Amino acid sequence: MAINKINSCRGQGYACLVRGFTAGALAVFAGLANAAWELNLQMPVTALARRVYDLHTLLTWVIFIIFVGVFAVVTWSIIFHRKSRGHKAADFHDNTTVEIVWTIVPTLVLIAIAFPATSALVEMRDSSQPDLTIKATGYQWKWGYEYVTGDAAGVKFMSVMSTPREQIDNKTPKGEHYLLEVDHPLVVPVGKKVRVLLTATDVIHNWSVPAFAVKTDAVPGFLRDTWFRAEKEGTYRGQCSELCGKDHGFMPVVVEVVSAEKYATWVAQQKAAMAAVTDDPTKVWKMDELMARGEKVYTANCAACHQPNGAGLPPAFPALDGSKITKGPKAGHLDIVLKGKPGTAMAAFGAQLSDTDIAAVVAYERNAWSNKLGELIQPAEVKALRGK
Amino acid sequence: MQANQHAAHAGHHAADSHGHGPTGIMRWITTTNHKDIGTMYLWFSFVMFLVGGAMSLVIRAELMSPGLQYVAPEFYNQMLTLHALIMVFGAIMPAFVGFANWMIPLMIGAPDMAFARMNNWSFWLLPPAAILLTASLFVPGGAAGTGWTLYPPLSVQMGMGMDMAIFAVHILGMSSI
Ligand SMILES: [Cu+2]
């Protein structure tokens with residue numbers, strides 16, 4: 001492992017040698033330890049991430065050298081210039097030479113580290129001329145992806161953590177990618193410049209993939225962007241990196257970098273699947289169909305807050321079992337699901353879910369647990385309410 | 001008017017002739033002695049250090065191994081937030097002020113701090129703020145669970161614990177002026 005890291009330096013200059021040296025030093029640990037002992041940044045897989053990695057290593061060495069220099073002088077002074085050894089304190093006042101030196105040296109050090117740092121930052125911000133653009137939307141607590149340009153334009157899906165609840169509750173052993181796995185990862189082609197547009201619907205989230213050196217806030221009401229060009233196929237994992245509420249730790253980012261051929265196959269599959277699942281909006285659903293579909297939608301979108309048994313986590317997340325809204329008029333219930341409730345964590349699901357999904361989930365909430373209202377809700381009713 | 005002045009003068013005179021200051025709790029509430037105030041700051045800071053430290057023990061105990069062990073995620077966030085606010089505004093800053101109160105008049109040879117009564121007030125703003133912060137744990141919805149930055153719009157999703165935290169931070173800020 002460490003040998004590979006050192007060999008990969010060919011023709012990449014001084015900074016990379018430094019990186020190799022650090023990696024070599026860490027290899028001492030690698031022999032005895034596992035992933036829990038990884039001390040450095042993740043191995044970079046984009047040119048930009050390599051720059052960030054090298055910059056970090058360089059700065060760590062600069063800091064280390066200054067630290068050793070300063071504390072060497074301090075320690076030496078303490079030991080050899082103490083009163084008990086008969087040292088007399090100097091009594092001069094003002095020394096222009098020293099003052100000039102201690103102004104100029106830090107200035108030079110600052111300029112020397114600001115130059116590479118700023119140029120890396122400028123490169124990081126240059127998201128122009130991407131090969132494809134993807135919009136990532138942060139929700140409490142999942143990511144939504146939509147391919148805006150490129151072959152996959154129009155493909156969109158939700159990316160929800162797939163680690164089973166039992167692992168989180170310590171009832172079953174943790175999997176290899178515990179808390180870092182999702183049902184639908186973001187899939188991108190290798191070697192292509194991918195621009196990621198970022199926004200959020202509820203609170204501030206942060207889309208972060210350490211191997212790409214990408215970490216950008218997703219702020220509701222704003223559109224920000226970042227980019228990466230992955231050089232190696234593989235699966236790269238990150239996490240939401242801006243505290244966004246109770247399940248902040250449970251909304252990972254997973255990016256699969258695949259070959260151009262695999263990407264083309266994936267795009268074709270996605271388009272076919274999207275065409276297949278489009279529901280007939282005029283279909284009239286029966287109760288058992290609605291309940292089955294509604295339970296699925298509920299588990300994926302509602303259960304994190306309102307809980308699988310509908311009891312909620314009051315007062316932040318009210319109960320749906322026996323609540324005024326679920327037992328009240330249909331229109332009011334549909335309205336809150338479609339448009340959300342401002343000032344609370346209740347999101348507007350109108351933009352996230354289809355008419356059929358909303359009809360099914362509302363019907364489910366009105367008929368599950370003790371809410372046996374026996375009411376059917378059809379997609380057409382949801383459609384009629386949307387405009388209002 | 002004249003009567004008032006006379007009364008005030010009489011009161012003043014009476015206090016002067018009293019010889020020693022109030023005793024018991026009033027000795028501490030009314031003190032203008034920089035060493036007394038410094039001591040109160042240091043004790044307050046120490047108590048807050050223990051409270052904030054206990055919260056960090058909760059955080060560390062939960063993080064000792066992966067998975068949920070002792071607390072729910074939302075309570076973990078509340079511990080995180082209160083730990084940060086209490087340690088910064090309740091422990092570290094008052095500790096510095098406590099040392100400064102004790103040491104600076106001695107170091108510069110002044111008889112006391114300037115504005116000695118304001119100095120006393122600065123301290124006595126702290127306990128209500130600390131009570132607000134810690135009591136916010138017990139209100140419906142719990143304390144603020146946003147991290148110490150209290151970023152909106154997440155802060156808007158919190159219950160009244162958030163309002164108490166905001167008020168507490170304002171009082172703490174006023175105290176440090
Ligand atoms: Cu998030």
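The values are calculated or read from the model by the stated rules, or taken from the named source; none is laboratory data. What you see is a predicted model, and the numbers here were worked out from it, not measured in a lab. FYI the Cβ positions are ideal-geometry reconstructions off the backbone, even for glycines, and counts take in every protein chain you see. To get the accessible areas, we keep the full protein, side chains included, count just its heavy atoms, and leave off ligands, DNA and RNA. Shrake-Rupley method; radii C 1.70, N 1.55, O 1.52, S 1.80 Å.
What does the charge count around B:Leu150 come to, taking other residues whose C-beta lies under 14 Å from its C-beta (Lys +1, Arg +1, Asp -1, Glu -1)? Here the count lands on -2.
Once you average over the residues of A:239-245, how many Cβ atoms of partner chains fall within 10 Å of each Cβ?
On the way: counts 0, 0, 0, 4, 10, 7, 8.
Mean partner shielding for this stretch: 4.
Of the DSSP H helices in chain A, those with a Cα length along their own long axis of 27 Å or more and a mean Kyte-Doolittle hydropathy reaching 1.6 comprise A:47-80. Distance from the alpha carbon centroid of region B:43-113 to that of region A:194-216 works out to 32 angstrom.
Rolling a 1.4 Å probe across the protein heavy atoms gives region A:135-285 an accessible surface of 44 Å² per residue. Normalised per residue, the accessible area of region A:287-386 is 45 Å², obtained with a 1.4 Å probe and no contribution from ligands, DNA or RNA. On the accessible surface of chain A, probed at 1.4 Å, how many percent belong to carbon and sulfur atoms? The value for chain A is 63 percent carbon and sulfur by accessible area.
For chain A, what's the relative contact order in percent, using C-alpha pairs closer than 8 Å and at least 6 residues apart?
That works out to 12 percent.
Of the DSSP H helices in chain B, those with a Cα length along their own long axis of 20 Å or more and a mean Kyte-Doolittle hydropathy reaching -1.0 comprise B:34-63, B:93-108, B:160-176.
Under the shape rule built on the C-alpha gyration tensor, where the axes satisfy a ≥ b ≥ c, the protein assembly as shown is oblate, since a/c reaches at least 1.5 while a/b does not exceed b/c. Where the centre of each part is set by its Cα atoms, how far does region A:235-305 sit from region A:144-163, in angstrom? With region A:235-305 and region A:144-163 each reduced to a Cα centre, they are spaced 9 Å.
When chain A is treated as a GNM, springs tying every alpha-carbon pair under 10 Å, which of A:Pro130, A:Pro189, A:Pro281 comes out with the largest mean-square fluctuation? Of A:Pro130, A:Pro189, A:Pro281, the Gaussian network model singles out A:Pro281 as fluctuating most. Once the 1.4 Å probe is applied to the protein heavy atoms, chain B comes out at 58 Å² accessible per residue. Is region A:287-386 rounded, prolate or oblate when judged by the Cα gyration tensor, a ≥ b ≥ c being the square roots of its eigenvalues, rounded requiring a/c under 1.5 and prolate requiring a/b larger than b/c? Judged from the Cα gyration tensor, region A:287-386 comes out rounded (a/c under 1.5). Taking a Cβ cut-off of under 11 Å around A:Pro189, the surrounding Lys, Arg, Asp and Glu residues balance to a net charge of -1, with basic ones at +1 and acidic ones at -1. I need to check one value: relative contact order of chain B, counting alpha carbon pairs closer than 8 Å and at least 6 residues apart, in percent. That works out to 25 percent. Between the beta carbons of A:Phe64 and B:Met103, assuming R0 = 30 Å, the FRET efficiency works out to 0.30 to the nearest 0.05.
If you take all other residues with their beta carbon under 14 Å from the beta carbon of B:Leu68, and give Lys and Arg +1 and Asp and Glu -1, the sum is -1. Once you treat every alpha carbon in chain B as an equal point and sum by Debye, what is log10 I(q)/I(0) at q = 0.08, 0.12, 0.16, 0.20 Å⁻¹? Here the Debye-derived log intensity ratios amount to -0.36, -0.68, -0.96, -1.24.
Residue by residue along B:154-163, Cβ atoms of other protein chains within 10 Å of the local Cβ number 4 on average.
Most simply put, the protein assembly as shown has about 70% antiparallel DSSP beta bridges, counting only bridges with both residues inside it. Packing-based ranking of A:111-121, A:146-156, A:349-359 yields A:349-359, A:146-156, A:111-121, ordered from highest to lowest mean Cβ neighbour count within 10 Å. Surface burial for A against B, with a 1.4 Å probe and both sides summed, reaches about 1400 Å² of accessible area. Comparing the full protein assembly with the isolated chain, the residues of region A:184-211 losing at least 40 square angstrom of accessible surface (1.4 Å probe) are A:Val203, A:Ile204.
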